[in-house]
Amino acid sequence: MCEYCGCQALQAIDELTQEHDRVVTLISRVRDAHAGGNVALMAEVAREIAALLGPHTRVEEEGLFPALAADFPEQMTELESEHRRIEAVLAEADGPFLADPTWPQRLIETLALLRDHMLKEQDGVFPAALAYLTIEQWEAVEAVRARTDTRISPSP
């Protein structure tokens with residue numbers, strides 16, 4: 001994904017980007033499971049995505065987005081709304097998804113939204129954060145990250 005603006009030189013953005021990369025890998029696994037008709041595996045991987053995105057979303061919504069909300073209120077509201085839509089479908093992986101024949105396709109559609117969402121963040125939010133955030137705001141983002149303790153290890 002994005003590497004042109006230099007925002008990934010910041011640890012906070014680099015970590016968020018690494019998490020996006022991990023999600024992209026997991027989305028591929030869901031698509032493969034969908035192509036093979038393996039709904040149980042789709043649900044398992046959807047739960048992995050949800051587990052990764054929970055803390056990731058907190059870093060964005062409690063650290064990054066508030067710092068940008070004054071300058072980009074509509075965009076931050078839209079991104080948060082997309083978070084809720086994505087979370088809702090991912091949460092269904094813990095429910096009676098096997099009995100709902102529409103869930104696999106809804107998951108695939110939601111993961112397409114998630115891909116687009118991550119591109120908005122990487123091509124818009126992250127470069128804007130590089131340009132707009134103060135040292136104190138970056139420290140607030142790092143404080144949220146420290147509270148969530150979500151630093152990921154590199155993918156195998």
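The values are calculated or read from the model by the stated rules, or taken from the named source; none is laboratory data. All of these numbers come straight from a predicted model, not from anything done at the bench. Note: ideal-geometry Cβ built from the backbone for every residue, glycine included; neighbour counts use all protein chains shown. Heavy atoms of the whole protein, side chains included, go into the accessibility calculation; ligands, DNA and RNA do not. Shrake-Rupley method; radii C 1.70, N 1.55, O 1.52, S 1.80 Å.
So here's what we get for this one:
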read-out	value
Subset tally (residues that are assigned to a helix (DSSP H, G or I), closer than 12 Å to Leu64 by Cα and touching a helix residue (DSSP H, G or I) at 6+ places or on another chain (Cβ under 8 Å)) for segment 115-151	16
Some residue of segment 14-24 being among the acidic types (Asp, Glu), in a helix (DSSP H, G or I), open to solvent by 20 Å² or more (accessible area, probe 1.4 Å) and modelled with pLDDT under 95	yes
Count - residues of segment 26-46 that are surrounded by 14 or more Cβ atoms within 10 Å (Cβ to Cβ) and part of a helix (DSSP H, G or I)	14
Residue check for Pro127: open to solvent by less than 60 Å² (accessible area, probe 1.4 Å) and at pLDDT below 95	yes
Count of residues meeting criterion [of a type outside the set (A, V, I, L, M), surrounded by 13 or more Cβ atoms within 10 Å (Cβ to Cβ) and within 19 Å of the chain's Cα centre (by Cα)] in segment 79-102	6
Residue within segment 53-70 that is among the aliphatic types (A, V, I, L, M), within 23 Å of Ser28 (Cα to Cα) and either open to solvent by less than 80 Å² (accessible area, probe 1.4 Å) or not in a helix (DSSP H, G or I) (or both) present	yes
Of the criteria (1) under 21 Å from Arg58 (Cβ atoms); (2) in contact (Cβ under 8 Å) with a residue 60 or more places away in the chain, which one Arg84 fails	(2)
